[in-house]
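First comes the structure, then the notes that go with it.
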Amino acid sequence: MEVKSLLDPTTKQEIIVRIQKLSPQSQAQWGKMNVSQMLAHLQMPLGVAVGTHKLKRTLFGRIFGPIAKPILYNPKPFKKNLPTDKSFIMTGSEREFELEKNKVLEMLNKFSESTMVDEPHPFFGKLNKEQWSKGMWKHFDHHLQQFGV
């Protein structure tokens, strides 16, 4: 699997087209989230990358994050049902599909080298902009595959 970068306009457009193919009836092939919750979930790490969703670094992250960092941008797909930060968990709350879709698309359209933070990732530590961007692409790709697009 090639790891693409959301800094590439063509790649970003491919992700946008895939999001546009989703509908309120889109069914997950694994996991606990429905499609609206998944769209809300995607906003959280994107918010971390641009500094609108702040998370504190934990001791666990400081120790194990640098070791796990290559998972974010290496060519291996993310495994299904990986642990996630509690603030990223969207199950148990109802979400409105069009609202969440529009929010994530707006955030994605604004995502660029100039909007990304220049501070350590709360778990993985120091990332360059390409690593942030590849990690965001892998995360979007993972969840869009989860919903068959």
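Since every read-out is calculated from the coordinates, none of them should be taken as a lab result. No experiment lies behind these values; they were computed from the predicted model shown. For neighbour counting, all protein chains shown are included, and Cβ atoms are generated from backbone atoms with ideal geometry for every residue, glycine included.
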Problem set entry | Cα-based helix-to-principal-axis angle, 97-110 vs the chain, degrees rounded to 10 | 40 degrees
Problem set entry | Two-site label geometry, Ser93 and Lys54: point separation in nm, points 7 Å out along Cα→Cβ | 1.8 nm
Exercise. In nanometres, what is the gap between the two model label sites at Ser114 and Asp85, each 7 Å from Cα along Cα-to-Cβ?
Worked result: 2.5 nm
For this session: Only loop residues by DSSP count here, and only those with at most 13 other Cβ atoms within 10 Å; note down the trypsin sites (Lys or Arg not before Pro) in segment 42-102 that meet that.
Result: Lys54, Lys56, Lys79, Lys80
Exercise. What's the FRET efficiency of Leu105 with Thr10 using the Cβ-Cβ distance as r and R₀ = 22 Å, to the nearest 0.05?
Worked result: 0.85
Exercise. Which residue, Gln20, Gln43, Gln131, has the most motion in a Gaussian network model of the chain that connects Cα atoms within less than 10 Å?
Worked result: Gln20
Exercise. For the chain, what is the calculated [θ] at 222 nm in deg cm²/dmol (nearest 500), taking -39500 (n - 2.57) for each run of four or more DSSP H residues and dividing by its residue count?
Worked result: -15500 deg cm²/dmol
Exercise. Among Leu42, Leu82, Leu144, which comes first, second and so on when ranked by fewest other beta-carbon atoms within 10 Å?
Worked result: Leu82, Leu144, Leu42
Exercise. Where in segment 61-149 are there GluC sites (Glu not before Pro) that are in a DSSP coil and have at most 14 other Cβ atoms within 10 angstrom of their Cβ?
Worked result: Glu94, Glu96, Glu113
Exercise. In segment 6-110, what chymotrypsin sites (Phe, Trp or Tyr not before Pro) fall in a loop by DSSP, with at most 10 other Cβ atoms inside 10 Å?
Worked result: Trp30
Seminar exercise, completed: Residue by residue through segment 65-74, the couplings from Karplus 6.51 cos²θ - 1.76 cosθ + 1.60 with θ = phi - 60°, in Hz, x for Gly and Pro, are x, x, 5, 7, 3, x, 4, 5, 10, 7
Problem set entry | Reduced Cα scattering model of segment 43-92, Debye log10 I(q)/I(0), q = 0.14, 0.31 Å⁻¹ | -0.44, -1.27
Seminar exercise, completed: XL table Lys80/Lys134; Lys86/Lys138; Lys101/Lys134; Lys110/Lys134; Lys21/Lys54; Lys4/Lys69; Cα-Cα > 24 Å flagged, in table order, is Lys21/Lys54
Seminar exercise, completed: Expressed in angstrom and rounded, the centroid-to-centroid distance over alpha carbons for segment 40-82 and segment 96-113 is 19 Å
Seminar exercise, completed: Taking every C-alpha to C-alpha distance in the chain and binning by 10 Å from 0, the per-bin percentages run 11, 43, 38, 8, 0
